[in-house]
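Encoded as structure tokens, the structure appears first; notes follow it.
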There are 2 protein chains.
Amino acid sequence: MSSHVDGGSMGLDEIATKPHEQLAAHLAAKMEAVNLLIRDRMASRHAPRIPQVTAHLVEAGGKRLRPMLVLATADLCGYDGPFDVHLAATVEFIHTATLLHDDVVDESAQRRGRPTANLLWDNKSSVLVGDYLFARAFQLMVEPGSLRVLDILSNASATIAEGEVLQLSAAQDLATTEDIYLQVVRGKTAALFSAATEVGGVIAGAPETQIKALFEYGDALGIAFQIVDDLLDYQGDAKSTGKNVGDDFRERKLTLPVIKAVSAANAEERAFWKRTIEKGDQRDGDLEHALALMQSHGALEQTRAEALDWAARARAAIAVLPDHPVRGMLDRLAGYVVARIS
Amino acid sequence: MSSHVDGGSMGLDEIATKPHEQLAAHLAAKMEAVNLLIRDRMASRHAPRIPQVTAHLVEAGGKRLRPMLVLATADLCGYDGPFDVHLAATVEFIHTATLLHDDVVDESAQRRGRPTANLLWDNKSSVLVGDYLFARAFQLMVEPGSLRVLDILSNASATIAEGEVLQLSAAQDLATTEDIYLQVVRGKTAALFSAATEVGGVIAGAPETQIKALFEYGDALGIAFQIVDDLLDYQGDAKSTGKNVGDDFRERKLTLPVIKAVSAANAEERAFWKRTIEKGDQRDGDLEHALALMQSHGALEQTRAEALDWAARARAAIAVLPDHPVRGMLDRLAGYVVARIS
């Protein structure tokens, strides 16, 4: 029953291939249909600026993890209709729209190793083309004719937007709790992951227990994914992560390692965090001192344990789904997400 | 049959009261429910920035014309359920979200006589809270459980977003045609008006001919409304419009009066438009010269005639609806929109 789930039974080929690449290969025909639909729907007869801006982002690639999660879960639950493709394109459009708006908010200059749209064009185009993609996502998700799917995706959209605003007001605020961090993480990453996995089950007409399990898998996977990202910001190596150690510290972000170190801080340490994060007065050696404080309180180790725990929860959730090659791939995907910190 | 439609049968009270005020009085209980729902749904347990930003805009008032159009058309078609209130709040949320994003795009400092949110807070808040309102609108519109309503509102959202991008790329471009202008106007104003009037008929279960007429009424009303606005920018008086004559000229906007003057321009006049609108090199006396050119080609008179024609189309469309006090109010509303230029 669990032949695809535990590592011990994997063949050499499976060990050698990353799980998202296995998923991409398994779902290749459907993914091609998703790419065609994305290209078709982001076109605009009247406003050539739209495909210019979106092509720049959409063609840049990325792993297309979110649409793959829709296709994979629909496949896992035996769906054989056409609408998984619409919903996969929907989540990619929502994701791309949030990236466009994030770049305006973060005043970013680079995304996926290329200049951001707001740098190449202007903030106006990023805001309005983001709105256009949201509207297109919305049109796409109406097409399958499922009110339940619309309910899931509208709730996810609200969670995403609320999380973004929350992140803005929580930034540089030492009072940020782990609860607030979790809400921000759900908004940033997990809400769209869990919506993707849940709608896959819903359009396939899967039993409620399976739909619930799929939601939990996506939620836990997204949270693990984001915690790993936040941990690697403090202990990754730039070559494999593409980020410089300490970017979040310099941008004064309240991520889990900092929140844990702050909650364990004595008066002197608190003053340090107040100066560097709240006031933004950072000097040479501050990053090294921050890392030392995190280490002395076990903040990095606890953060790592939480990421592993969320990955384990994802694997436990997916285990209730029926035996299927995709189940094994999703199981290994959860392991892969935390492999960089294991 | 037409006792409420033609002016001759209006009582003194009706003549003295503006049609949108009559509508507000007739729909007072429902409008109160809309306001309560708006306040309830724009709240956020976690992100206090959200009600701060939105309250600033929503409390600022405005005529609430769009939600009123939903309630009025549902009432006119005999609807007695609760969901007109949800859809009315939906269109107000969409409208408010677009205002927030417009202010970022226009870098505006004032809206409805008050400082804009992007000035009081920052562009980030305007972008993200706008996204939050879109998501909330989306949740609200799913609640009535009508796929047709969702189809109408998702298509309107795409038209709005596409129109905004189109306006951006058409700005300062002398090649902008009247067709493009009309698409921009539909995106800016008419698409949400016509979606509001159409969904009113749809949730009331009105016959198809009536739903089509309601769509056409909203579309024509919105277009008339916007053309009047663009005309008054060149010939209104600042006291009654709250705008300074020539704002659009200074901002180099291709509105209908300019498009008409450009299409009739000789070589010398074309050079003038190229310098002032395309290159933005404006000098003392240019606005007066622009006005003289518009007058010499009848551009203002033709623009006025088009606005009156769209208002007449709105009145003709609403005439097929059954006799009802609201029908008379909507008819007079179309007349009122162009009264300032008649």
Debye log10 I(q)/I(0) for chain B, one point scatterer per Cα, at q = 0.06, 0.09, 0.11, 0.15 Å⁻¹: -0.22, -0.50, -0.75, -1.31
Local electrostatic count at A:Ala171 - Lys and Arg +1, Asp and Glu -1, tallied over other residues with Cβ under 9 Å: 0
Mean separation of Cα contacts under 8 Å (6+ apart) over length of the stretch B:14-341, as relative contact order %: 19
10 Å Cβ neighbours from other chains, averaged over peptide B:133-140: 6
10 Å Cβ neighbours from other chains, averaged over peptide A:146-152: 3
Of the DSSP H helices in chain A, those whose Cα atoms cover at least 27 Å axially and whose Kyte score averages -1.0 or more: A:83-106, A:123-142, A:147-170, A:208-235, A:299-318
Charge sum, other residues only, whose C-beta stays under 13 Å from A:Arg283's C-beta, Lys/Arg counted +1 and Asp/Glu -1: -1
At 0.692 mPa s and 37 °C, Stokes D of the stretch A:205-342 from Kirkwood alpha-carbon radius, µm² per second: 200
About the Cα centre, charge dipole magnitude for the stretch A:14-339 (Lys/Arg +1, Asp/Glu -1 at Cβ), debye: 620
Rounded if a/c under 1.5, otherwise prolate or oblate - the stretch A:111-231, Cα gyration tensor axes: oblate
Nearest-20 debye value, the protein assembly as shown charge dipole, Cβ charges on Lys, Arg, Asp, Glu: 280
Set of lysines with alpha-carbon distance to B:Lys274 below 20 Å, sequence-local pairs under 8 removed: B:Lys253, B:Lys260
Inter-chain Cβ neighbour average for residues B:168-178, partner chain, 10 Å: 2
At 7 Å out from Cα toward Cβ: B:Asp284 inter-copy label distances (nm, ascending): 5.7
Label spacing, shortest first and in nm, from A:Val245 to its equivalents in the remaining copies (7 angstrom along Cα→Cβ): 6.8
Within the stretch B:142-246, chymotrypsin sites (Phe, Trp or Tyr not before Pro) in DSSP loop having at most 10 other beta-carbon neighbours inside 10 Å: none
Cβ-based charge dipole, the protein assembly as shown, positive-most Cα from A:Ala290, A:Gly236, A:Leu36: A:Ala290
Förster radius 30 Å - calculated FRET efficiency between A:Glu143 and A:Arg250 (Cβ-Cβ, nearest 0.05): 0.10
Selection from A:Ala24, A:Ala265, B:Ile152, by position along the positive dipole direction of the protein assembly as shown (Cβ): A:Ala265
Dimensionless Rg ratio for the protein assembly as shown, taking C-alpha atoms and the 2.2 N^0.38 Å reference: 1.05
Mean Cβ count within 10 Å, highest first, over the residues of peptides B:149-161, A:141-153: B:149-161, A:141-153
FRET E, pair B:Ala43, B:His289, Förster distance 45 Å, beta-carbon r, rounded to 0.05: 0.30
For B:His289, A:His101, order by how many other beta-carbon atoms lie within 10 Å, fewest first: B:His289, A:His101
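Read-outs: derived from the displayed coordinates by stated rules, not from any lab. Keep in mind that what you see is a predicted model, and the values were worked out from it rather than measured. A quick note on method: Cβ atoms are made from the backbone with ideal geometry, for glycine too, and the neighbour counts reach across all protein chains shown.
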